[in-house]
Amino acid sequence: MPNPLVIAAMKSEADCLGAAAICCGIGPVRAQTAAEQAISGGATALISFGTAGGLDPSLRAGTVVLSQAVIAADGQRFEASVKWLNELTVFLPFAICGIISGQDKVVATVADKKRLFEATGAIAVDMESHAIAAAATAAGVSFMAIRVITDTQARRLPGWLSDYIGRDGTVNNTGIALQTLLRPLDWGAMFGLALDSRKAHRALRRVAAIAGPDFGLG
């Protein structure tokens, strides 16, 4: 039986599982290190689990996305396990299957999201799935990304936001609140993002409860 290991960038994402998961912190470098360590430790399947930005304008906050493939910023394409994808769609019939774009930095503006959608056809974007997929592909183990939309294509992310997410994946909520108060132009974006984040985390918990600890591999 495959031994899946879940990798989440942020502690809040990992906490949605109610089970063991690696919290690697945001970004591809940390994600790749965590993936390689997981494989060295005996993992025979890797899951990139967490939130994502929406690129397809039809996707709303809370939409669950299952990866058919992940495309890195340099154009490399990593195929997800077809067998695993088919099994997960049985457990999660409400999920949307599609391509995920892996980027090395935050895609924050509405214009950049639109351009990326048009250029790649990817429906969602994150900063870890491509690194995890690359490590899995190199080691010959199964890979899947399960992501939930937080910021939609129409949602702008303040450029300073990632400065308040620690290397261990924890969020400095006090710092974010202070910065938001000092930046009236960002009040609307941050209020909307807070609501959408709650929707996304509810969806992550739902996915974990339905799919179970083996995420359909059992």
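The values are calculated or read from the model by the stated rules, or taken from the named source; none is laboratory data. Everything quoted here is computed from the prediction, not taken from an experiment. Cβ atoms come from the backbone with ideal geometry, glycine included; neighbour counts cover every protein chain shown. Side chains included, ligands, DNA and RNA excluded: accessible areas come from the protein's heavy atoms. Shrake-Rupley method; radii C 1.70, N 1.55, O 1.52, S 1.80 Å.
Here are some notes:
- With both labels modelled 7 Å from their Cα along Cα-to-Cβ, the S58 to F191 distance reads 3.1 nm.
- Region 100-114-region 123-182 distance, computed between alpha-carbon centres (Å): 11 Å
- Surface per residue (accessible, 1.4 Å probe) for the chain, Å²: 46 Å²
- Segment D74..R202, full-extension length gain: 42.8 nm, with 0.36 nm per residue of separation and the alpha-carbon distance subtracted.
- Packing rank of 143-152, 92-101, 41-50, where each peptide gets the mean count of other beta carbons within 10 Å, highest leading: 143-152, 41-50, 92-101
- Calculated [222 nm] ellipticity per residue, helices only, for the chain: -12000 deg cm²/dmol; basis is -39500 (n - 2.57) per DSSP H run with n ≥ 4, divided by all residues, nearest 500.
- Estimated from the Cβ-Cβ distance and a Förster radius of 22 angstrom, the FRET efficiency linking W160 and D104 is about 0.75.
- Tilt relative to the chain, helix 187-211 - C-alpha long axis, 0 to 90 degrees, to 10: 20 degrees
- Protection proxy ranking of 172-181, 199-208, 82-91, by the mean of other Cβ atoms within 10 Å over each peptide's residues and highest first, is 199-208, 82-91, 172-181.
- Potential extension, A20-R183 segment - 0.36 nm per residue separation minus Cα distance: 54.9 nm
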